[in-house]
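A short write-up of the structure that comes next.
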Amino acid sequence: MADTIIAGISPGGLKETYEVKILVCYLLSALDAPLSRENIAEICTGSGITDYFTLSTALGELLASGQLGEEDGCCVLTPLGRETAENLKQALPSSLRDNIVRMGMELLSRLRKENEVSAKILPDGKGFRVACSVHEGDLDFLTMTFYAPDREQAEIIAQNFPKKSTEIYRGLIHLLTD
């Protein structure tokens, strides 16, 4: 008998709420970091592991049963949820477990980078200043301000700085220490 095809779920994906509940607990346990519902949805639905409706049902049930809690708008694993992940992780294929953890780590890495690099456009009477910085917590690695004569150029600088920040930082360090 052929598997039922459900829109948004790749072959081998999870169709049952109980499977998705185990997956979410496993994901949060393996990453050991809180994630917003949107982050969890991005990981689980973006790759076709499950569909949005099954995931939403699973998250609601995990919160209601006390396996997940919420802190600052993020889902956190409770001790009961951690126990669920540990005891039931073998119910999920190892390839799926590996895939979900890899995607979660990629998401955390991207979010960390987005939080470490900023570019703000500030009006300046004669044009705009674009204040760019690379930081980690309270430690500023690089802070630069660029002048742009119009908003369009300011927006280009603000959009490109996060993409090129590592290259800019390395290049400046090389120039200044050579």
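The values are calculated or read from the model by the stated rules, or taken from the named source; none is laboratory data. Just so you know, these numbers come straight off a predicted model, no measurement behind them. Counting neighbours? That spans all protein chains shown, and the Cβs are built from the backbone with ideal geometry, glycine included.
When residue 175 is tested against the conditions (1) touching a Pro at 6+ places or on another chain (Cβ under 9 Å); (2) not in a strand (DSSP E or B), the lone failure is (1). Note on region 42-145: enclosed strands (runs of 3 or more DSSP E) holding 3 or more residues that are in contact with a helix residue (DSSP H, G or I) (Cβ under 6 Å, 6 or more places away or on another chain) are 117-123, 128-136.
Considering region 95-129, the residues that are more than 22 Å from the chain's Cα centre (by Cα) and exposed (fewer than 11 other Cβ atoms within 10 Å of the Cβ) include one that is nearest to residue 59 (Cα to Cα), namely 122.
Sub-8 Å Cβ pairs linking a first residue in region 58-70 that is without any contact (Cβ under 8 Å) to a residue 24 or more places away in the chain and in the same structural domain as residue 41 (by TED's automatic domain parsing) to a second residue that is of a type in the set (Asp, Glu) and surrounded by fewer than 16 Cβ atoms within 10 Å (Cβ to Cβ), at least 6 apart or interchain, are 63/70, ordered by first then second residue. Taking every residue in region 149-161 that is part of a loop (DSSP other than H, G, I, E, B) and pairing it with any residue that is surrounded by 15 or more Cβ atoms within 10 Å (Cβ to Cβ) and modelled with pLDDT of 95 or more, at least 6 positions away or on another chain, the pairs with Cβ-Cβ distances below 8 Å are 149/128; 150/128.
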